[in-house]
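Report on one structure; see the data block that follows.
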Amino acid sequence: MMALDKELETFHRELPNLLANEGKFAVVSGDQILGVYTSYEDALTIGYEKCGLKPFLVKEIRAIEEVRFLSRDLTFPCPT
Amino acid sequence: MLDFVCGISKPRADALRKAGLPVPTPINLKGLVDTGASITCIDPSVLKSLGVVSTGAIPLHTPSTKPGIPHFANEFDISFALVHPQTTRTWFALRVIEAELAHQGIHALVGRDILQSCLMTYDGQAGTFALGF
């Protein structure tokens, strides 16, 4: 379970409809897409404006999600 | 090693001010420059002291993840500043992930997401590097 499980589920459910905006950033709260924005900072700004300090997700819209890499082994806190 | 200043992102600071809450003071930290990291990593103790919460999740491969099965890491928004007496370069909304680093004597891995905006020169014989930003 991730901390933003519900928002991630919403994002993946709506992804086919969002792909026209590939490369932009979606803001998701609960089961709603709040908007799509050109930059990460714009999306974050709108997320905080609309949700305040309540949880929300900012996710880049990609048909194939970009995977990040670390060349060293690290311990990660449980993502809950 | 690289000295930098870590704080909450500008959008989160604005939200805290709007809610009438105090904005955490940025923290001076030491990070290890890691060209093998495609994203900057911050120790959870730092994120906790800043009071930030996750605003994302990203897939991540490390030497111990299996091919095609990435680990999903929580993502956080912070501000990140490289400070020099003559200039300061600030990222007002930087995406980072949390990773346990404090036991290695560092609080961050400074990844290529930062380095891609800088000029780094490594002098192997002298054991030094210079970072232009």
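Quick notes on this one:
- Debye log10 I(q)/I(0) for segment A:5-60, one point scatterer per Cα, at q = 0.20, 0.24 Å⁻¹: -0.61, -0.88
- Counting, for every residue in B:81-88, the Cβ atoms of other protein chains within 10 Å of its Cβ and taking the mean gives 0.
- Amide H to amide H, with H built 1.01 Å from N, B:A73 comes under 5 Å of B:I58, B:L60, counting only residues 5 or more places away or on other chains.
- Peptide B:95-104 has a mean shielding of 3, counted as Cβ atoms of other protein chains within 10 Å of each residue's Cβ.
- Taking amide H as placed 1.01 Å from N in the peptide plane, the amide H of B:I8 sits under 5 Å from that of B:S79, each at least 5 places away or on another chain.
- For the segment A:42-53, counting C-beta atoms of other chains within 10 Å of every residue's C-beta and taking the mean gives 5.
- Per-peptide packing, taken as the mean over residues of other Cβ atoms within 10 Å, places A:6-18, A:35-47, B:79-91, B:113-125 in the sequence A:35-47, A:6-18, B:79-91, B:113-125 from highest down.
- Dipole axis of the protein assembly as shown (+1 Lys, Arg; -1 Asp, Glu on Cβ), positive-most option in A:N21, B:G124, B:L94: B:L94
- Straight-distance candidates among the lysines for linking to A:K54, with alpha-carbon spacing under 18 Å and chain neighbours fewer than 8 residues away dropped: A:K6, B:K10, B:K18, B:K48.
- Descending principal axes extents, segment B:1-92, alpha-carbon based, whole Å: 45, 34, 19
- The calculated FRET efficiency for B:K48 paired with B:C118, based on their beta-carbon distance and R0 = 30 Å, is about 0.60.
- Distance in nm between pseudo-label sites at A:E60 and A:A20 (7 Å out along the Cβ direction from Cα): 2.3 nm
- ³J(HN,Hα) computed for each position of segment B:77-86 - Karplus, 6.51 cos²θ - 1.76 cosθ + 1.60, integer Hz, glycine/proline x: 9, 9, 9, 9, 10, 8, 10, 9, x, 9
- Between segment B:116-131 and segment B:61-107, the alpha-carbon centres lie 20 Å apart.
Laboratory data are not the source of any read-out in this text; all were calculated from the coordinates shown. Keep in mind that what you see is a predicted model, and the values were worked out from it rather than measured. With ideal geometry, Cβ positions are generated from the backbone for all residues, glycine too; neighbour counts draw on all protein chains shown.
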